[in-house]
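The values are calculated or read from the model by the stated rules, or taken from the named source; none is laboratory data. Predicted model only: the values in this text are computed from it and were never measured. We place every Cβ from the backbone using ideal geometry, glycine too, and count neighbours over all the protein chains shown.
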């Protein structure tokens, strides 16, 4: 599909002046038609994506994600990426992407606790640079920032809460904080320059203390502030279920509310509630895509095989 999109994008502007006799070689004509239509619609639209840890630590999925971002950029979309937290428990996996990584952080591993926010900030900042490098190697203009830069975000401590995640009871101890966006101008400047900001979810509170931010809330807050046309949440499924719609594009808050009463939706309750707030705030699209399947992002954007709920 990625090759199809490349070919269509490169030739779309020349379709009127050039005759294409072998268009069938591009693949399914229905997919091609969807790609052409959607690529035109995506021009200058804002897309906010969460980049979860399970994609970052998987070479195949990570490469697919980077390629998807490049293709969306080629369509003229304005892209904003918020990546997941990295902790010491992921060091061995991250080191597979960079052989020097484990050597650089051996002392960190020995002398620090896994949930130390300062250490997690250091590790996440390193991974931020890795993402920016991968995008740059694909020809994208990208820059790494955090919520601290230009006071982009301010942290507010989350309250203790009880919630259900994928049919499991979970206690949220409030270690991760909520973001309050205070300076969206920095993001708008990147948009004007066609630069992709890669955002590390850290910010200071009003006492200048560093906080980890809830990644889902951070992506949603940025999407609402920018009035983004698309907010994309990759999610994990522990097992495959026949008949389940893995890629969903939703614009109807009531349908999401009905999912809260369905114990078999296999999406985090927190994620559903966040999506409801986003849709009620700006009325645009929230996408849920299976993070374990390469090209899920492209499928939910360009193909009609995902479920569209309006």
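Sub-6 Å Cβ pairs linking a first residue in the range 232-250 that is within 25 Å of residue 278 (Cβ to Cβ) to a second residue that is at pLDDT below 55, at least 6 apart or interchain, are 245/307; 247/306; 248/307; 249/306; 249/308; 250/309, ordered by first then second residue. What number of residues within the range 212-232 satisfy the criterion of being in contact with a helix residue (DSSP H, G or I) (Cβ under 6 Å, 6 or more places away or on another chain) and farther than 21 Å from residue 188 by Cα? Total satisfying the criteria: 1.
Take the conditions (1) within 17 Å of residue 52 (Cβ to Cβ); (2) at pLDDT below 95; residue 261 misses just one of them, which is (1). State whether one or more residues within the range 85-97 are within 24 Å of residue 47 (Cβ to Cβ), surrounded by 14 or more Cβ atoms within 10 Å (Cβ to Cβ) and either touching a helix residue (DSSP H, G or I) at 6+ places or on another chain (Cβ under 7 Å) or at pLDDT 60 or above (or both). The answer is yes; a qualifying residue exists. One residue alone among 170, 176 is modelled with pLDDT under 80 and over 20 Å from the mean Cα position of the chain (by Cα), and that residue is 170. Restricting to the range 197-211, and then to whatever is crowded, with 24+ Cβ neighbours inside 10 Å and touching a helix residue (DSSP H, G or I) at 6+ places or on another chain (Cβ under 8 Å), can you tell me which residue is nearest to residue 78 (Cα to Cα)? Out of the qualifying residues, it is 198.
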